[in-house]
Amino acid sequence: MSGISYRPDIDALRGVAVLLVVIFHAFPEVIPGGFIGVDVFFVISGYLITSIILKSFNKGDFSIKEFYSKRIRRLFPALIVVLFTTIVLGWLVLFPDEFKQLGDHIAHSAIYVLNYVLIGEAGYFDVDTQYKPLMHLWTLAVEEQYYIFWPLFLILSLRQKIIKLNHLVLFVLTLSFAANVYYISNYPEAVFFNTLTRVWQLAVGSLLAVVLFKKEIRENRKIAVIGFMLIIFSALLVTEDSVYPGWLAIFPTIGAMFVILGNARFYQWGGMLKLGLISYPLYLWHWVVISFLTIYIGRTPSFALMTGAVALSLLLAWITNQYIEPVRYAKHKLTTKSLFVVLILVGLMGLYVKDQDGMASRAHLSYLEKFNIEFTRTPQTDKLCDQVVKSKIEGDRQFDYCRADNIESERYIAIIGDSHAHVIYPGISKVAKDNGYGSILLANSSCPTLIGFEWGRNEKEIATCKRKISQIMSVINSSDKIDKVVVVTRGPTYIHGEVEGGFSIKSVNKSLLQKRNDRQTYENYKKGLKRTLSELSQSNHINSVFYFLENPELDFLPKEVVVRPFDSLGLSSQNSTMSKELYLKRMNSYRSSVNQAKKGLDVTVIDPIDYMCDQDRCYSYKNNNFLYADDDHFSVFGSNYVAKRMKDILFDDNSN
């Protein structure tokens, strides 16, 4: 099977692409849009694969079996080593929940479908990217899926001549780009990792290969320089907050196409050529190293540590290039099959780790047993709640959280709101039972129960949230046993989003300047809360209405307070408190909106600051137990801790 002539400029382009990605992951403030390097990789891959197939088919020596064999020999050796190393590191230092997720990612990386797993994980409770050491392998999944199907379509088109080749490529390109634009508006959480919304970038490379086939590609340095400028400017101007890929992805994609079209012959390419030769193993290693370092020390590494991580990644990439990747040149017939079997075995190891729930019984993690229980989330739904709700609504339940307890009681206390209602429910349910009350949880994930407040990233999400709120209010209004209602919602995050990085005067002020959109404002939040509280207060069967103010947010995860295995120096142990001043600064406008919303209504506002903070600091850890399961949601202990301290307010008939 024929190959194509070596193009040093393409290896240099690979070097630029991987450099952008590595700098972005290590020093995002330097190149905020460095992630566009993967767009460049996609164009390169589409061009090379299509060029190889066209040349080989034209010579009459194309073999689909040999094509896939070469792909396996090229990609599998380094990937196997990286995945196996990741399993070993995970077994040594990751907590069970982290190791379980890593096992799942390893299993899906081995069959090149990790991108769809990441799409499925996207959402309110998704963990930060640094806790996903293999997250970057989504690009390999997209490329490999293209490698599997594109050659088949290409050869079918060449042999059967049902459709012209350039028309086929344009059809794929157009369909994928249209999906990209559509998903940006309707499914923004699924667009970035999706093969359907990324194939157009590979198709751009394929189209270039079709157009240039059998033509001499003359050197044109001006076009190449313009291409590099488009790539660099995109990396500097695009940010993580940009709507991406969308229309913006056109610029780095066209930039990569121009560089390939330019066929420039610059001497050594300023070191990019050498970097390009190790771009694949460097891409594989760099995020694994950065991620594990960040996980282990429990914070963003210092400049010196991050520089060391990049240096280690370069060393591992060079070693892999010199001693692992040459396996692809082995002449033994069993090499391809052996690599395939070994990768599947590594994937099965990951699956085993997942099925064993992260192997919590590892001897060196025995000290974590109590913490693992505290960090475990309670169920979202139960049969008792569905039994109560079923007769109160038409059709299927749409809201996310539905739990109930002691439903034989004559009186209920209902907890409504968002995910914060879900996590405070266990404690309230317990004190309710102690006071002769049943309890019911009716809440949504990232959709506050505020009538008329339009929450969502697009029209579809807004409409879905409205339906969920309507169902919850229908259950409340038609349930005569509900005697008390506690409304629990987050505040500033619905208006400003999250605080980026650690909490400081600067970062909090910056977060308060950010606005999601013109719909999600404090004025509209206040109106929605007032409508909800007013409707509840005017209900004939509800005697008491409460609003629970948002608890302090943390700028760390509780598990980052716990010392990692083999850390005798305590490098991974962090401070367990937050600044009370910064908490109040972040919550100031929200708290003011709540106070205005309750004016003229018979509503009791419960302030968690009385239970969770002293004069200067707010705590994540009390009585040798964690109050939080993550950076803003209570643990079960935290729920019980807070509920015990407000039980006299909730179950005092004179509370209003």
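Each residue was assigned an accessible area with a 1.4 Å probe, and for L305 the value is about 80 Å². A straight line joining the Cα centroids of the stretch 317-375 and the stretch 432-484 runs 44 Å.
A 1.4 Å probe, protein heavy atoms only, puts the accessible area of F233 near 110 Å².
Equivalent-ellipsoid semi-axes (√(5λ), Cα gyration tensor) for the stretch 514-656, whole Å, largest first?
On the way: eigenvalues 221, 77, 29 Å².
Value: 33, 20, 12 Å, ordered largest first.
At a probe radius of 1.4 angstrom, the accessible area of the chain per residue rounds to 44 square angstrom. A crude spin-label estimate for the pair T464 and T129, with each label 7 Å from Cα along the Cβ direction, gives 2.3 nm.
Counted by Cβ distance under 15 Å from E29, the other residues give a net charge of -1, where Lys and Arg count +1 and Asp and Glu count -1. Among the listed pairs K468/K598; K59/K331; K132/K337, a Cα-Cα separation exceeding 25 Å is found for K132/K337.
Sparsely packed loop sites in the stretch 359-448 (the GluC sites (Glu not before Pro) outside DSSP H, G, I, E and B with at most 10 other Cβ atoms within 10 Å) comprise E394, E408, E410. Once you order the gyration tensor axes a ≥ b ≥ c over the Cα atoms, which shape class does the stretch 71-124 get: rounded for a/c under 1.5, otherwise prolate or oblate by comparing a/b with b/c? Oblate, because a/c is 1.5 or more while a/b does not exceed b/c. If R0 is 51 Å, what FRET efficiency do you get for L571 and N435 from their C-beta distance, rounded to 0.05? Efficiency computed from Cβ-Cβ geometry: 0.65.
If you take the square roots of the eigenvalues of the alpha-carbon gyration tensor of the stretch 283-358 and sort them as a ≥ b ≥ c, do you get rounded (a/c under 1.5), prolate (a/b over b/c) or oblate? Taking the square roots of the gyration eigenvalues as a ≥ b ≥ c, the stretch 283-358 is oblate.
Amide H contacts of I482 (H built 1.01 Å from N, in plane; Pro and chain starts excluded): Y412 sit under 5 Å, all sequence-distant by 5 or more or on other chains. In the stretch 215-298, the C-alpha radius of gyration followed by the widest Cα-Cα span (Dmax) gives 16.4, 54 angstrom.
Please identify every one of the trypsin sites (Lys or Arg not before Pro) in the stretch 589-656 that sits in a loop by DSSP and has no more than 16 other beta carbons within 10 Å of its own beta carbon.
Sparse-neighbourhood loop trypsin sites (Lys or Arg not before Pro): K599.
Remark on T381: its backbone amide H falls under 5 Å from those of C402, a criterion applied only to residues 5 or more positions apart or on other chains, H modelled at 1.01 Å from N. Taking max minus min of the alpha-carbon positions on each principal axis, the stretch 359-494 gives extents of 51, 41, 28 Å, largest first.
Between the amide H of V605 and those of Y547, distances stay under 5 Å, these residues lying 5 or more places away or on another chain, with hydrogens modeled in the peptide plane. Which percentage, to the nearest 5, of the DSSP beta bridges contained in the chain is antiparallel? Given both bridge residues lie in the chain, the antiparallel proportion sits at roughly 35 percent.
Remark: spin-label model distance I373-L345 equals 3.9 nm, labels positioned 7 Å along the Cα→Cβ axis. Per-residue surface analysis assigns D97 an accessible area of about 90 Å², computed on protein heavy atoms at 1.4 Å probe radius. Computed extension gain for V225 through I111, at 0.36 nm per residue and net of the alpha carbon distance, reaches 37.3 nm. I need the fraction of alpha carbon pairs in the stretch 1-146 separated by more than 24 Å, rounded to a whole percent. Of all Cα-Cα pairs in the stretch 1-146, 43 percent lie more than 24 Å apart. Cα centroid separation, the stretch 564-604 to the stretch 44-121: 42 Å.
Length available on full extension from Q398 to R218: 0.36 nm per residue minus the Cα-Cα distance, which gives 58.8 nm.
Magnitude of the charge dipole for the chain, about its Cα centre and with charges confined to Cβ atoms of Lys, Arg (+1) and Asp, Glu (-1), is about 2500 debye. First select every other residue whose beta carbon is under 12 angstrom from the beta carbon of S291; then total the charges, Lys and Arg +1, Asp and Glu -1. Summing Lys/Arg as +1 and Asp/Glu as -1 gives -1. In the structure shown, do any of K383/K481; K527/K580; K433/K481 have a Cα-Cα gap over 22 Å, and if so which? Correct reply: K527/K580.
Taking 56 Å as R0, compute the FRET efficiency from the Cβ-Cβ separation of S507 and S338 and round it to 0.05. Computed FRET efficiency for S507 and S338: 0.65.
Candidates T493, L571, I87 compared by Cα position along the dipole of the chain: farthest toward the positive end lies I87, with charges placed on Cβ. Site pair A330 and D602 shows an inter-label distance of 8.0 nm when each label is modelled 7 Å from Cα along Cα→Cβ.
Taking the three principal axes of the alpha carbon atoms in the stretch 340-394, the coordinate ranges are 54, 36, 11 Å, sorted in descending order.
Quick one: grab the alpha carbon gyration tensor of the stretch 267-321, order the square roots of its eigenvalues as a ≥ b ≥ c, and give me rounded if a/c is under 1.5, else prolate or oblate depending on whether a/b is larger than b/c.
In terms of gyration-tensor shape, prolate.
All Cα-Cα separations within the chain were binned at 20 Å from zero, giving a P(r) of 17, 45, 29, 9, 0, each value a whole percent of the pairs. How long is the gain from I155 to L584 if the chain were fully straight, where each residue apart is worth 0.36 nm and the alpha carbon distance is subtracted? Net length gain for the segment: 148.0 nm.
If you take the beta carbon distance between N624 and K59 as r and set R0 to 60 Å, what does 1/(1 + (r/R0)^6) give as a FRET efficiency, to the nearest 0.05?
0.25
Ordering V210, H364, Q380 by the projection of their Cα atoms onto the charge dipole of the chain, which places +1 on the Cβ of Lys and Arg and -1 on the Cβ of Asp and Glu, puts V210 at the extreme positive end.
The values are calculated or read from the model by the stated rules, or taken from the named source; none is laboratory data. Only a predicted model underlies this, so the values are computations on that prediction, with no experimental measurement involved. Glycine gets a Cβ as well: all are built from the backbone with ideal geometry, and neighbour counts include every protein chain shown. The protein model used for the area step is the full one, side chains on, heavy atoms only, and it has no ligands, DNA or RNA in it. Shrake-Rupley method; radii C 1.70, N 1.55, O 1.52, S 1.80 Å.
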